[in-house]
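My questions will all concern the structure given below.
The values are calculated or read from the model by the stated rules, or taken from the named source; none is laboratory data. As the structure is a computational prediction, the values presented were derived from the model and not from experiment. When we count neighbours, we look across all protein chains shown, and the Cβ atoms used for this are built from the backbone with ideal geometry, even at glycine.
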């Protein structure tokens, strides 16, 4: 059964994509660098979610700041965790899930550089990733509804502009 989720794609970031391609080519081939906004279990009423997203009109893009790379899942994976609060992200989740979930669960936004499902980070790889100067601030002006196909690749089904006049 195909999975769907809402995603904030990172645009024009060759450094992050180069690292993903080099150290996690499988995940790189399946989906571009992104921050997951809502997982499939949260958006079961897809028509309501779509109507909610069509109404969102922010005055500015959603901005998030990320910290230095961090290993997770027994050191196999590497991610960039959000730094500080993520109130804009939480507010956007609330808008997408309005009328569906009274209190959306707290979700820690992050960018996965190496997914533990299909890569393994070593101390040497992590040290090399940590030596790179990574951009740690990103702005998002659209949400994408994506679906995982049978071969594991994700495709964009729809995209929703978040910012007035954009």
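Scan the stretch 11-38 residue by residue and report those that are within 18 Å of residue 140 (Cα to Cα) and outside any strand (DSSP E or B).
11, 12, 13, 14, 15, 16, 17, 31, 32, 33
Then there is this: Could you check how many residues of the stretch 116-126 are surrounded by fewer than 18 Cβ atoms within 10 Å (Cβ to Cβ) and within 21 Å of residue 13 (Cβ to Cβ)?
1
If you scan the stretch 129-146, which residues turn out to be farther than 18 Å from residue 81 by Cα and in contact with a helix residue (DSSP H, G or I) (Cβ under 9 Å, 6 or more places away or on another chain)?
Residues satisfying the conditions are 143, 145.
Determine if the stretch 151-165 includes at least one residue that is under 15 Å from residue 16 (Cβ atoms), surrounded by fewer than 19 Cβ atoms within 10 Å (Cβ to Cβ) and in contact with a strand residue (DSSP E or B) (Cβ under 7 Å, 6 or more places away or on another chain).
Within the stretch 151-165, the first condition is being under 15 Å from residue 16 (Cβ atoms), and the residues that meet it are none.
No: zero hits.
Give the residues of the stretch 18-33 that are out of contact with any helix residue (DSSP H, G or I) (no Cβ under 7 Å at 6 or more places or on another chain) and closer than 17 Å to residue 121 by Cβ, sorted by residue number.
18, 22, 24, 25, 26
Quick check on residue 108: is it closer than 30 Å to residue 128 by Cα and surrounded by fewer than 14 Cβ atoms within 10 Å (Cβ to Cβ)?
yes
With buried (at least 16 other Cβ atoms within 10 Å of the Cβ), modelled with pLDDT of 95 or more and farther than 18 Å from residue 25 by Cα as the only criterion, which of 92, 79, 134, 113 stands out?
Exactly one of 92, 79, 134, 113 is buried (at least 16 other Cβ atoms within 10 Å of the Cβ), modelled with pLDDT of 95 or more and farther than 18 Å from residue 25 by Cα, namely 92.
Right, next: From (1) under 16 Å from the mean Cα position of the chain (by Cα); (2) within 20 Å of residue 145 (Cβ to Cβ); (3) at pLDDT 95 or above; (4) surrounded by fewer than 15 Cβ atoms within 10 Å (Cβ to Cβ), pick out the condition that doesn't hold for residue 37.
Failing condition for residue 37: (4).
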